[in-house]
Amino acid sequence: MRLPPLPDSLTARLTRYAGHLVLLALMLAAVFVSDAKMPRPAWSAPGGALFAAVLPSPTSSAASRLGQALFTRPSPLELASLPPARSQRNTGGPAVPLSTPGDRVVRQTVPFTTIPERPNRDLVTYTVQENDTPITIALQFGLKPETILWCNSDLNKNPELLQVGTVLYIPPIDAACHLVKEGDTLESIAETYSAEVAQITSYEGNHLEGPPYTLTPGVRLVIPGGKLEYLVWTVPPRPVAAGRPASGQFFKAGTFYSGARVAAGVGRFIWPIGSRNITQYYWAYHRGIDIAAPKGTPIYAADGGTVIFAGWSPVGYGYLVVIDHANGFTTWYAHQSQYLVNNGDAVAQGQVIGYVGSTGRSTGPHLHFEVRYNGEPLNPFDYVR
């Protein structure tokens, strides 16, 4: 007698149930054969410790232990008595804990935030102090002395314009600086400082957005790689009346005065002052030496000759005496508190011509001494004994 076939839906359902039963039987067989101890699910206890353990039960069967492992959450008392978790299959040896306090990776608490150092790109200001020179200021900021002059236009004409209390603009790099005026263009500024337009626009501290680029009058720009032509101040073409200020002009280095002479030197120079305290040496933008001494210290003519300038210099030298030695050489004595000779006077080597002071643009009492040949400033140390 043949039974009628089962519906397809019922056949599929019975097949699925049979598969589940076979899988469960295989699991139970594995437990019985290996007597495996299944771990309970891990959870964080209130104290923060992580537990993963097996609760052995000597009186229960393997199936009961499997059920406990899968469906039973341990009580607090059981938690306290749990053995350490094992990191490998139980082989009868001592249990190996999954981790110990020393093995844990703990993020260190850092109460401060470290901000990475970023280069400064903006101009800063510096107020000139007593006895400052362009060289000493440049050393403070790690720059070349020329940068101090090129970023402060008056000093480029004469470093002796430096005066206590003067506010200087200091760039973060060796460069020139330009104060934008009406009508300025990037091309005209670059030409003035022998630079490239791209050097100006690409410098972050200039904050130029474009192209097109807009220049704002009154803003100072840093000109990387920029430089200015050195200028020296020379005396007027003829002597002025004694006691009257002179109005010199700026000329390029190399020009010289060729007025009448009434005396000549012996051809060698002596030290012009009793002090040997050099506060600023000769360099490209300081064409002389500064010799510090107390106010009122006598100043001597380094050689004989004709006084071709004695009076007030409008460009920072203060009271100035210039002697022409009738051999192409002139010597300059600046910042005097008082001068004792007049224009056109004949002086002898070693004669007192004035006293040390701090007149004009000066940061302290000193003699600024120059030696020039045919108008060109030379290093005094090459000529003075």
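The residues of segment 137-153 that are of a type outside the set (A, V, I, L, M, F, W, C) and either buried (at least 19 other Cβ atoms within 10 Å of the Cβ) or in contact (Cβ under 8 Å) with a residue 24 or more places away in the chain (or both), listed by number, are K144, P145, E146, T147, N152, S153. Just one residue in the set T136, T147 is in contact with a strand residue (DSSP E or B) (Cβ under 7 Å, 6 or more places away or on another chain), among the hydroxyl-bearing types (S, T, Y) and assigned to a helix (DSSP H, G or I); that residue is T147. Count of segment 169-202 residues, restricted to those that are of a type in the set (S, T, N, Q) and buried (at least 17 other Cβ atoms within 10 Å of the Cβ), is 1.
With the structure loaded, tell me whether P116 is assigned to a loop (DSSP other than H, G, I, E, B) and either at positive phi or modelled with pLDDT of 85 or more (or both) or whether it fails that test. Talk me through it step by step, then tell me what you get.
Values: assigned to a loop (DSSP other than H, G, I, E, B): yes; either at positive phi or modelled with pLDDT of 85 or more (or both): no.
It is false that P116 is assigned to a loop (DSSP other than H, G, I, E, B) and either at positive phi or modelled with pLDDT of 85 or more (or both).
For segment 358-385, residues that are in a strand (DSSP E or B) and either within 14 Å of Y300 (Cα to Cα) or in contact with an Asp or Glu (Cβ under 9 Å, 6 or more places away or on another chain) (or both) total 9.
Which residue is modelled with the lowest pLDDT, if the candidates are limited to segment 356-384 and must be over 24 Å from V266 (Cβ atoms) and not small (G, A, S)? Among those that are over 24 Å from V266 (Cβ atoms) and not small (G, A, S), it is R361.
Starting from residues that are of a type in the set (S, T, N, Q) and surrounded by fewer than 24 Cβ atoms within 10 Å (Cβ to Cβ), keep the ones in segment 307-339 and report whichever is nearest to D154 (Cα to Cα). The extreme case among them is S337.
Among the residues of this structure, I291 counts as one that is in contact with a Lys or Arg (Cβ under 8 Å, 6 or more places away or on another chain), surrounded by 23 or more Cβ atoms within 10 Å (Cβ to Cβ) and either closer than 25 Å to L155 by Cβ or modelled with pLDDT under 90 (or both). I'm checking my understanding of the structure. Among residues of segment 276-288 that are buried (at least 16 other Cβ atoms within 10 Å of the Cβ) and of a type in the set (S, T, N, Q), which one is nearest to L378 (Cα to Cα)? So the residue we want is Q280.
Within segment 213-229, does at least one residue satisfy the condition of being under 28 Å from D290 (Cβ atoms), at pLDDT 60 or above and surrounded by fewer than 16 Cβ atoms within 10 Å (Cβ to Cβ)? Yes, that holds for at least one residue.
The values are calculated or read from the model by the stated rules, or taken from the named source; none is laboratory data. Computed from a predicted structure; not experimentally measured. Glycine gets a Cβ as well: all are built from the backbone with ideal geometry, and neighbour counts include every protein chain shown.
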